[in-house]
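**Q** Shown below is the structure under consideration.
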Amino acid sequence: MSRILAIETSCDETAAAVIENGRVILSNVVATQIDLHRRFGGIFPEVASRQHVLSIYPVIQQALDEAGVTNVQTLDSIAVTHGPGLSGSLLVGVNAAKGLAFASDLPLHPINHLAGHIYSNWLDDSSPHLPALPNPVNGDSLLGEGTIARADGADESAVRVSEQDFPMLILIVSGGHTELILMHGHGRYERLGGTLDDAAGEAFDKVARLLDLGFPGGPIIQEAAQKGDPTRFALPKPLWQNPDHRYNFSFSGLKTAVLNLTRQLEKDGQSLNSPELKADIAASFQQVVTEVLVAKCADAATAYAVRRVCLCGGVSANAQLRKAAEERFQALNIPLTIPPIYLCTDNAAMIGAAAHFLDLPPEANGRGLSVDVYANLPL
Ligand code: KG4
Ligand code: ZN
């Protein structure tokens, strides 16, 4: 039995969680800074680290309280994201974790944020403490969708991600990363490809800004696209069936294509203020991103005869991507897992899961005092 306190502050969410045996979420607290950054149209790094300083101890305290942990020393270890991410943000979580580990004489595990996203697929979604996170756009609950691993006994027919599923294919699609990875075992990753320029989430954010829709772009584009016609504008599918870049992605050109399209439409006398026009552009963009992601994933899953495909990262919260992936992998008869939406975007539960399954030796020197942050840490 292992109980781990996990801390995540790599970007704009201050998060802490207590995870049992890498699966059970005893608590999962996320303080989002979306409202703070909205006025800047993106994440303002210095504002993010200052807010982490204000939120970190209340968030950790709430995570401990909700998990019923009254004495930190009864935990087995502390895990913290040490990269990749914004250095100033990472430092707040790492320093808080170091202080707690030192004071309570617990081992400290530095965890790669991308490994965290991967292990979000190993968490159970039937834990008693599900956070009631509202959708930042329309206020709806973010809970309840998706293909999810459930706890033993929660649903007899439900499937859990396990060691039997290796080799599995992982698609990480977030604001900073788009990576296609063949996972051979715990911590054994073979990178098949990734984006050559912008990440998928970054493209959502940039296109939303371009259409003056606001921040964060992903949920807003999804919302706008619901009313739009995805076939109205034929946008280019980047690196589509390109033998030199079979498993690579590129989203910067697609963003430029959207920019050129808006300029052409304005030249033709169309108003970009029209919600219908914005909806059609958003839907056409989302359609291309989804098609490219799912097609490359399906190609790799078949070529490497994987036993399971796992999606993760903020963009895997996208409803159209989830639906398209579910349909494609069902047709291919390859099991697919996508975390519930609240575990797709940044959280600390996934960091606790990664720490459990990776079973890392704790930093020997001063029980973690030598842990540092790395903005560009590779997986
Ligand atoms: O994983 P994440 O929370 O943070 C990073 O590690 O980057 O991902 C954030 C990204 C943002 O770019 C956001 O726009 C995108 O995930 N995102 C979405 C959706 N929800 C969040 N993209 C598309 N559709 C969504 N529903
Ligand atoms: Zn992330």
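**Q** Return the residues of segment 255-310 that are part of a helix (DSSP H, G or I), farther than 30 Å from SER120 by Cβ and without any contact (Cβ under 8 Å) to a residue 24 or more places away in the chain; say none if nothing qualifies.
**A** Result: THR256, ALA257, ASN260, ARG263, GLN264, LEU265, GLU266, LYS267, LEU277.
**Q** Please state which of the following conditions GLY269 fails to meet, knowing it meets all the rest: (1) surrounded by fewer than 18 Cβ atoms within 10 Å (Cβ to Cβ); (2) touching an Asp or Glu at 6+ places or on another chain (Cβ under 7 Å).
**A** It fails just one condition, (2).
**Q** Restricting to segment 192-219, name every residue that is more than 14 Å from the chain's Cα centre (by Cα) and either among the acidic types (Asp, Glu) or within 16 Å of LEU239 (Cβ to Cβ) (or both).
**A** Matches in segment 192-219: LEU192, GLY193, GLY194, THR195, LEU196, ASP197, ASP198, ALA203, ASP205, ASP212.
**Q** Just one of (1) in a loop (DSSP other than H, G, I, E, B); (2) surrounded by 15 or more Cβ atoms within 10 Å (Cβ to Cβ); (3) more than 16 Å from ligand 2 (Cβ to nearest atom) trips up PRO361, so point out which.
**A** (2)
**Q** Which members of segment 193-231 meet the condition of being in a loop (DSSP other than H, G, I, E, B), within 16 Å of ligand 2 (Cβ to nearest atom) and of a type in the set (Asp, Glu)?
**A** The one that is in a loop (DSSP other than H, G, I, E, B), within 16 Å of ligand 2 (Cβ to nearest atom) and of a type in the set (Asp, Glu): ASP198.
**Q** Test ALA79 against the stated conditions and say whether it is in a helix (DSSP H, G or I), crowded, with 22+ Cβ neighbours inside 10 Å and either in contact (Cβ under 8 Å) with a residue 12 or more places away in the chain or in contact with a Phe, Trp or Tyr (Cβ under 7 Å, 6 or more places away or on another chain) (or both).
**A** no
**Q** Looking only at segment 174-183, decide whether some residue is within 16 Å of ligand 1 (Cβ to nearest atom), more than 19 Å from ARG322 (Cα to Cα) and touching a helix residue (DSSP H, G or I) at 6+ places or on another chain (Cβ under 6 Å).
**A** no
**Q** Same structure, new question: Which count do you get for residues in segment 171-229 that are within 21 Å of ASN242 (Cα to Cα) and free of Cβ contacts under 8 Å to residues at least 40 places away in the same chain? Walk me through how you get there before you give the answer.
**A** Filtering segment 171-229 for residues within 21 Å of ASN242 (Cα to Cα) gives 171-173, 177-182, 190-200, 203.
Adding the requirement that they be free of Cβ contacts under 8 Å to residues at least 40 places away in the same chain leaves 190.
The total comes to 1.
All of the numbers you see were taken from the coordinates with simple rules; none came from a lab. These numbers come from a predicted model, not from an experiment. Here the Cβ is made from the backbone with ideal geometry for all residues, glycine too, and neighbour counts use every protein chain on show.
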